[in-house]
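The next block holds one structure in the form of structure tokens; read it before the comments.
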Amino acid sequence: MAVFDASYKETEMPKMKTKSGVKKRFKITASGKIKHGVAGKRHRLISHNSKYIRQNRGTSVLSEADTARVHAWAPYGLK
């Protein structure tokens with residue numbers, strides 16, 4: 001039977017939380033680069049011309065400057 005010791009203190013820091021928006025918006029490739037979807041493709045597409053819609057299909061890779069920021073928002077990576 002375990003006895004609770006009142007002088008016992010937790011020595012580990014709590015885990016950092018991942019920003020919940022990052023989990024929904026980004027994926028990490030096997031090489032560590034970050035893929036993202038293009039902004040402005042959810043609604044009101046009738047106001048965009050066909051060239052804009054066509055060129056912004058699929059995903060693209062984030063720049064190096066933005067990659068560091070997203071890694072800070074997801075300290076343990078993304079699944």
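Mind checking whether some residue in the range 55-71 is touching a residue at least 12 places away in the same chain (Cβ under 8 Å), under 19 Å from GLY21 (Cβ atoms) and part of a loop (DSSP other than H, G, I, E, B)?
Yes - at least one qualifying residue is present in the range 55-71.
So which residues in the range 32-43 are within 15 Å of SER63 (Cβ to Cβ) and either loosely packed, with under 12 Cβ neighbours inside 10 Å or of a type in the set (A, V, I, L, M) (or both), if there are any at all?
Result: GLY32, ILE34, VAL38, ALA39.
Among the listed residues LYS17, LYS24, which satisfies the condition of being at pLDDT 90 or above and outside any loop (DSSP other than H, G, I, E, B)? First the steps, then the outcome.
On the way: LYS17 fails: outside any loop (DSSP other than H, G, I, E, B).
Testing whether each residue is at pLDDT 90 or above and outside any loop (DSSP other than H, G, I, E, B) leaves just LYS24.
The values are calculated or read from the model by the stated rules, or taken from the named source; none is laboratory data. From a predicted model like this one, the values you see are computed outputs, not experimental measurements. Don't worry about glycine lacking a Cβ; one is built from the backbone with ideal geometry, like all the others, and counts go over all protein chains shown.
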